[in-house]
Amino acid sequence: MMATRFRPASWRLKYRIFAGFLLIGLVSCGVALMLAFTVNDVYSRFQNFTSFSQRVELGLDLSGRMVELQRLSGEFVNDGQALAADQASLVLSQAKQLLGELESTTGDRFGSRARIMNEHLSGFEQAFVEVRKQRERQSELVTDTITERALRYRQLLAEYEAGIGSEQTDWVARLERLRNSALQIERHMRNYFDRLDNALIREINSEVRYSRELIRELPVRREGIGNPGLVGQMDEALRSYQAAIVEAVQLTRGFLYLVNVVMAAETHEITYQAERLAEGLRNEMGRIETEMARSIRRAIWSALIGTFVTLCLILLLSWRLGQGIAGPIEQLTQGFRRLARGELAGDADLSGAGYEFRELSHAAQVFREKNEETRRLLVQYRELSEELEHRVNERTRELEQANLQLEKLSRTDELTRLANRRSFDEVLAVEWAVAQRSGLKLAMLMMDIDYFKPYNDHYGHLAGDDCLRQVAGTLEACMRRRTDLVARYGGEEFVAVLQDTDDQGALAMAETLRLAVRNLCITHQYSHLGIVSVSVGAAVATPATRPGEPSELIRLADQALYLAKQTGRDRACLLPFRPSSGTYRMATG
C-alpha cells in the first residue's frame, strides 16, 4: 500500500528535477553564447581599430612626402640640378604609391577625401612636369641661346668697326656706346636671373631701345664708310637677342608661378585633406574604443544578471526539491521504524526512494559542473578584456608619439637640424609682436656662404651637405640666449633673430658668427681666402616706435647682406631701420 502512494510522487519529483536542471542549463548556455558573441564583437572592433591606425600612419607619411616634394621642387627651381628633379620624381612616385594604398584601404566614408587627394596629386605632378620642362628650356636659353646671340651681336659690332677708319671719331664713339650698352644688357640680364628683380627687365628694354636708336643713326654707306648689310644685321641680331631674353624671363615667371602658387596650393590641399582624413580616422577610432568599452560593460552586466538568475533558479529548485523529498523521506523513515519494531516491511518499497536520491546526486553533480564552466568563462573573459585594453593603450601611445614626431619634423630642416623657414616665420612674427608691446629692439642677421655653388660643384653635393651641417652647428653654438633663434632660410642662406639687441650688439654678434665660420677652416679652392667664409647682413628695428611689418626687417637684412657681398664678401654689414638715411656700418675680417 505504501508503494502505491510513493511511486507517483517519485515520478513527479523526477520530472521536476529534469525540468529544473534543463532550465539552469539553458540559462548557462545563453550566458556562454552571449559572452562568446561579445568577445567576437570586441575582437572585430579591435581589428577595425588597428586598420584605422594604419591608415592614419599612411596619411601622416603622405603629408611628410608632400613637404619633402615641395622642398625638392624648390631646390630644382633655385639650382636647376637634375639630381633634385630626379629625387622629386622618386618622392612623387612614393607619394602616389602611399595614396594608392590609402585609397584602396579606405571605405566609402573616407574614400572621397582620398580621391580628392589623388586629384590634387595628379595636378601637382602635371605642374611639376611643366616646371621641369620650362626650367630646362630656361636654362638652355640662359646658358646657350642668349650667350650665342650676344656673341653674334658683338661680332657684328666688331666687323662694322673694322670697316671704319680711325679718323671717323664720331662713328667710333657711337660704336663704343653700343658696345657699352651691350655690356649693360648682359649685366642686367645676369642680375635679373640672380635676383628676379623686374626693374632690371625695364633697364634691359631701355638699353635695347637706346642701342637700336644708335644703330639707326649709323651710316649705311657714306664715302666708303660702313657695310650696307651690317647695319640691318646688327639690328636683327639685337632684336633676336632681346627676344631670347624675354622668352627666358617669361619661362622664369611661368615656372615660379607654378612652384609658388599652383604646386604650393596642391601641396597645401593634399596636406589639409590628409589631416582631415587623419582626424576623421582618429574620431572613428575613438568611437570604436567607446563601443568596445560599452560592449565590455554590457557583457559584465549580462554575466552578473545571468549568474543572479541562475542562483535564483537554484534556490527555487532547492526549495521545490525539499518539498518533494520531505514526503518520501518521511515515508522511508516510517518504513525503517516499522522494520526496527519488527513489523513486516513488505509494504515499504525503498527502490523508489533510492532512485530519487541517485537522480538528485546526479543533478547536483551536473550543477557543480555548469557552475565551474561559468566561472572559467568569466576568468577567460577578464583576461581577454585586460589584454585588449593593454593593446589599445599601447596603440594609442604609439599614435601620440607619431603625431609628436611629425610636428617636430614639420618645423625642422632635415639636413641641418635647425629650425626651417616655416618655424622662422612663426618665431619672427611672435618676436615682432613682443617687441611692439615691450618697446625693445629687434635685430635680424642674414648669412650666406660665400662661393657656395662653386664649392658644391667642385667638391660634390655630399661635401656641400656636410659643409652646410658644420656651418649650421657653428652658428647654433654661437647663440648665447635661449630666446635667440638661428634657422635655415633656404639653400646656403641662414637667418638669426635676436630680441633686445641694439646696433652695436647685432654687429658684434654678426662678427662673432663670421669669425666662428672662418675658424672652421673648411678648405675652399675657389674662395680668395682658401677656406669657407660667410657674409653677414644685419638689420635692427624698434617696432614700437617705427610701425611696419617683419618683412621690412627681412628686406633690410637682405640689403645689408647684398652690401657685404658687393664690398668683398667675408664681412658683416649693418643697416638700421632707417631706409631713407642710406647709411650703414660694416665689420670686416
The stretch 393-528 -> Rg/Rh from Cα coords, Kirkwood Rh, value 1.05
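Quote to one decimal, in nm, the extra length available between Leu151 and Val434 on full extension: 0.36 nm per residue of separation minus the C-alpha distance between them. List each step's numbers first, then the result.
On the way: separation 283, 0.36 × 283 = 101.88 nm, distance 5.54 nm.
Taking Leu151 through Val434 to full extension adds about 96.3 nm, to one decimal.
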Would you mind checking which residues have amide H under 5 Å from Ile531's amide H? H placed 1.01 Å from N; only 5 or more apart, or other chain.
His524
How many nm separate the modelled label positions at Asp466 and Asp500, each set 7 Å beyond the Cα in the direction of the Cβ?
4.1
Explain nothing, just compute: Karplus ³J(HN,Hα) = 6.51 cos²θ - 1.76 cosθ + 1.60, θ = phi - 60°, for every residue of the stretch 543-550 in order, whole Hz, x for Gly and Pro.
x, 5, 9, 10, x, x, 10, x
Using the Karplus equation 6.51 cos²θ - 1.76 cosθ + 1.60 (θ = phi - 60°), what ³J(HN,Hα) coupling, rounded to whole Hz, does each residue of the stretch 516-527 give in order, writing x for Gly and Pro?
5, 5, 4, 5, 5, 6, 7, 4, 9, 5, 9, 9
Amide H neighbours of Leu485 under 5 Å, at least 5 residues apart or on other chains, H built in the peptide plane: list them.
Val497
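Nearest 20 debye, what's the magnitude of the dipole of the stretch 417-578 about its Cα centre given +1 on Lys and Arg Cβ and -1 on Asp and Glu Cβ?
Numbers: 19 positive and 20 negative charges, 40 e Å.
Charge dipole of the stretch 417-578: 200 debye, to the nearest 20.
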Between the stretch 128-171 and the stretch 189-206, what's the alpha-carbon centroid distance in Å?
16
Along the charge dipole of the stretch 417-578, which of Ala477, Ala463, Ile449 sits closest to the positive end, that is, farthest toward it, with unit charges on the beta carbon of Lys, Arg, Asp and Glu (+1, +1, -1, -1)?
Ala477
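If you add up the charges near Glu213, with Lys and Arg at +1 and Asp and Glu at -1, over every other residue whose beta carbon is less than 14 angstrom from its beta carbon, what do you get?
Numbers: positive: Arg174, Arg177, Arg209, Arg212, Arg216, Arg239; negative: Glu207, Glu217, Asp235.
Net local charge, Glu213 excluded: +3.
Evaluate E = 1/(1 + (r/R0)^6) for Arg294 and Ser93, where r is the Cβ-Cβ distance and R0 equals 51 Å; express this FRET efficiency to the nearest 0.05. Kindly include the intermediate steps, with their values, before the conclusion.
Details: r = 44 Å, r/R0 = 0.86.
Approximately 0.70, to the nearest 0.05.
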When the solvent-accessible surface of protein heavy atoms is calculated with a 1.4 angstrom probe, in what order do Leu92, Leu440, Leu251 fall, highest first?
Leu440, Leu251, Leu92
For the stretch 113-153, what is the Kirkwood estimate of the hydrodynamic radius, computed as the reciprocal of the mean inverse distance between distinct Cα atoms, to one decimal in Å?
12.3
Give the long-range amide H neighbours of Thr412: residues separated by 5 or more places, or on another chain, with amide H under 5 Å away, using H modelled in the peptide plane at 1.01 Å from N.
Asn420
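Place the peptides 206-212, 195-201, 526-532, 241-247 in order of packing, highest mean first, counting for every residue the other Cβ atoms within 10 Å and averaging per peptide. Could you put the intermediate results ahead of the total?
Numbers: 206-212: 17.7, 195-201: 13.1, 526-532: 15.1, 241-247: 19.4.
Descending packing order for the listed peptides: 241-247, 206-212, 526-532, 195-201.
Compare the peptides 429-435, 552-558 by average per-residue count of other Cβ atoms within 10 angstrom and give them in order, highest first. Each step should come with its number before you reach the end.
Working: 429-435: 16.9, 552-558: 21.3.
Sorting 429-435, 552-558 by mean packing, highest first, produces 552-558, 429-435.
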Here, Tyr272 and Glu387, labelled 7 Å along Cα→Cβ, have an inter-label distance in nm of 4.6
Between Tyr257 and Glu394, what FRET efficiency follows from the Cβ-Cβ distance if R0 is 56 Å, with the result rounded to 0.05?
0.70
At R0 = 56 Å, how high is the FRET efficiency between Ala265 and Val309 if r is their beta carbon distance? Nearest 0.05 is fine.
0.30
Please work out the C-alpha center-to-center distance from the stretch 436-475 to the stretch 232-284 and express it in whole Å.
26
Please compute the modelled spin-label separation between Glu119 and Asn519, points set 7 Å along Cα→Cβ, answer in nm with one decimal.
5.8
Contour minus end-to-end for Leu529 and Thr512, with contour as 0.36 nm per residue of separation and end-to-end as the Cα-Cα distance?
4.3 nm
If the cut-off is 19 Å between C-alpha atoms, which aspartates and glutamates fall inside it for Lys565, apart from same-chain ones fewer than 8 positions away?
Asp194, Asp197, Asp448, Asp450, Glu492, Glu493, Glu511
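The values are calculated or read from the model by the stated rules, or taken from the named source; none is laboratory data. Quick caveat: nothing in here was measured; it's all calculated off a predicted structure. Cβ: placed from backbone, ideal geometry, glycine included. Neighbour counts: every protein chain shown. To get the accessible areas, we keep the full protein, side chains included, count just its heavy atoms, and leave off ligands, DNA and RNA. Shrake-Rupley method; radii C 1.70, N 1.55, O 1.52, S 1.80 Å.
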